[in-house]
Structures are given as structure tokens and as C-alpha cells.
1. Could you sort out which of Lys119/Lys152; Lys152/Lys212; Lys128/Lys218; Lys6/Lys212 sit more than 21 Å apart by Cα distance in this structure?
2. Run lengths n ≥ 4 of DSSP H only: what is the helix-derived mean residue ellipticity at 222 nm for the chain, with -39500 (n - 2.57) per run over all residues, to the nearest 500?
3. Among Met109, Ile84, Gly23, which residue has its Cα furthest toward the positive end of the charge dipole of region 1-109, with +1 on Lys/Arg Cβ and -1 on Asp/Glu Cβ?
4. Tell me which aspartates and glutamates have Cα within less than 14 Å of Lys42's Cα, excluding those fewer than 8 residues away on the same chain?
5. Which value, in debye to the nearest 20, describes the size of the charge dipole of region 60-199 about its Cα centre when Lys and Arg Cβ atoms bear +1, Asp and Glu Cβ atoms bear -1, and nothing else is charged?
6. Per 10 Å bin from zero, what fraction in whole % of the C-alpha pairs of the chain is there, up to the bin with the longest pair?
7. Once the dipole of the chain is set up with Lys and Arg at +1 and Asp and Glu at -1 on Cβ about the Cα centre, which of Leu370, Val360, Ile237 lies farthest towards its positive end?
8. If packing is taken as the average number of other Cβ atoms within 10 Å across a peptide's residues, how do 131-139, 221-229 rank, most packed first?
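Each value in this text was obtained by applying a stated rule to the coordinates, not by laboratory testing. This is a predicted model, so every value here is computed, not measured. Neighbour counts are summed over all protein chains in view; Cβ atoms, including those assigned to glycine, are modelled from backbone coordinates with ideal geometry.
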Amino acid sequence: MNNLKKQFLLDPDITFLNHGSYGSCPIPVFEEYQRWQRILEKQPVQFITDGMWDALKNSRIALSEFVGCDEGEILFFQNPTSAIANVIHSLRLNIGDEVLMTDHEYGAMIRAWNIWGKKNGVDIIQQKIPLPIHSEDDFLDAFWKGVTERTKVIFISQITSPTALIFPIKRIIDRANTQGIMTIVDGAHVPGHIDIDIHKLECDFFTGAIHKWLCGPKGSSFLYVKEVHHDWIKPVIYSWGKDGDDPGPSEFLQDFQWQGTRDMSSFLTIKRSIDFYLDHIHPLQKVCRQLNLEIFSGFESVLGTRPISDGGDWVGQMVSHPLPSNAPRNIKDILWNEYKIEIPIVEWQGNNYIRSSIQVYNNKKDIDVLMNALVSIL
Ligand SMILES: Cc1ncc(COP(=O)(O)O)c(C=O)c1O
């Protein structure tokens, strides 16, 4: 594990337990990213009007094979927020219709839905998933209580941000499919973290970040759009589309791929990210999960608060745990300023949580540093 840390650009003097926020890019992947940037700058016109399109297609092919869908169903975006914005703003729902989500969704996404819902008279419902969570049945029952005859769309995280839980969403999607409810999966934390097979999941839309657990350069994410929706999903930003240089093949792709001049190098690096992941990260994920479980039990004994799940299949390489009421309000600053530990503290439903991430560059020493710091602070 230790040797892999040298493959990352992270400052060796800090304890980095926050891969979940923005990921971290390994040196060979970062070099490939810069290689594309240099190719672009050598002859920008030639590259953008000609060479880039095949390279983008190769990226789509590599990613579609990795996530289990067709190449023509993949659109690249800089981040999940912009990917989902294009779905939200294409939806044509009626006044009084409902979009159902859990109360564990990512704050910026909730905000985006709420602003759009208010403007369009659509109710955005956040269904409470009570904690601690124990069984898949409890989860399904709690969520499904929010479904009414007005529910037209379900928006759900497969791995949640504030609570770092892996939600068993397949049964929700199956049930939604039988009732004609559209499903949009927020899989920002999924690629490179847990198994992914979008066609098997049978959702309508899926967004994932490449720069988080697949360790791509910042600004690489994607949106899967099931083929039946290609005729009505339209870009928020219109550019040349079919009148431009993009050979397509579909108008759907042409509409989305060129959104004005931008640096596509992060998209072109996706194949390299996947290869790095398969060679170096995937073989060590069991070890990472094991370390994460150590944090899971360490938090319980050091913080003295109850875990929010039974562990097991609910957690992957992240764990979120409630802070005790006596924790200093500036604990994040103390951890960073005094111990050089980067770890997020998130406020969720009126309580503060500490959320750790384990990636292949972490080791047992990082956990000890964190736990010792918490013992001293508390
Ligand atoms: C669950 C979830 N969804 C969406 C996002 C949005 O990511 P971005 O701000 O990069 O668009 C995040 C970011 O961490 C996330 O954790």
C-alpha cells in the first residue's frame, strides 16, 4: 500500500483521508492528461476540428465497456452537477407532479432540483430514511412510503455524500420500472468504488464522476442516457450541434459533445484512468475496505456515538459517523491546523458527521494518526 502513495501527487506530509470530495490523480494519469493538453496546444485548430473526435469516441468506448452500457449512450460532462442539470431542464412535468428523493442526497443537487421545482410547480419530496439503517427491506419500505400517484421521477444516490452509505437501489429501480416512474441515479461516488453495470441496473439516467474513485483528472464525469430518451434530452447549452465538426454519429451526441471551446483533455484521459484503476487500485480494494471497517469500529469507540449502519454492504471505502455533542465546533480546523489531517466534517439533518475515505495510498498509520488526534481533541 505504502509504495502506491508515491504514484500520487499528494503532499507526503499530510494525512489525506478525503478522497471522496475531489479524488486524487495518480502521476501516470496526470501525465496522460497533460500529454493531451500539449497535443492540443501544438496545433489547436487541427486537433479540435479533426483529431479530437476519434479520441473522444475511444474514450466513450472505454468508459461504456467499464460501466456496462453502449458507447452512444455516454455523454461527457465536467461534473455530475452539470450532467444532472441537463436532465432536470429537459424534463417536462406538470404542475403538482412530484420528484422523489431520499433525505441523504447531495446538497447542491437538492438545491438544483428545488430551484427548478419551484419555477415549474413540481414538488420535490425528500423521503426520510431513518438511521441507524439495518436491512434492505427497511430501506425499501421507508423510501417507498414517499411514492404517490403524482411521483413521476425518482432521483437517488447509489452512494450518499453526507452519510457515505451504499444504498441498495436496484429494487427501487425495478419497482419504479413496473410503475412507469423514471429513475435518475446519482452515482457520483460509484465508478471505481463499487461494481457498476448500468444496463443491469436498468435505470433511465446515471451520472458518475471519473475524478473521484476512478482517479481521473478533475473535470471528468459522465451522464448515461438510456437510448429511448435521446429524442427529448436537450442540452442546457446549445452550440453548433449537427452544423459543426462533430461527426456524431447521432444528433444527440452532436448536440452535447461540442458546447463551445473547452479543454476536453480530462475526457481523453479516461482510458488511462481505467487502466490505472484495473492495474493498481482494483486489486487492493479489499484491503481498503478492511481498513475502512477499522475506521468504522474506531469511530464508535473513540467518538462514543452509535454508527449509522451495521457496516457490511452499507459501506465501501468511506464511512460517516456522528460526532459527539462535546466535539469542538471548529474540529475540522483543529484537525487540519494542528495535525495536518484532511478530513471533512459535514452537517446533516442538524448533526455533525465526520467522513473518512480510504484509497490505496492510505495505510494503518493514517488511521492511527486520526484516532490519536480525535482522542486528544475530545
Ligand atoms: C453524491 C454526490 N452527488 C453529486 C456530487 C456533485 O459533484 P460536483 O460538485 O463535482 O458536480 C457530489 C460531489 O461530491 C456527490 O458526492
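1. Check vs 21 Å cut-off fails for Lys152/Lys212; Lys128/Lys218.
2. So the helix-based figure for the chain works out to -11000 deg cm²/dmol.
3. Ranked along the dipole, the leading option is Gly23.
4. Asp50, Asp263
5. For region 60-199, the charge dipole is close to 600 debye.
6. 5, 23, 31, 25, 13, 3, 0
7. Selected residue: Leu370.
8. Going from most to least packed, we get 221-229, 131-139.
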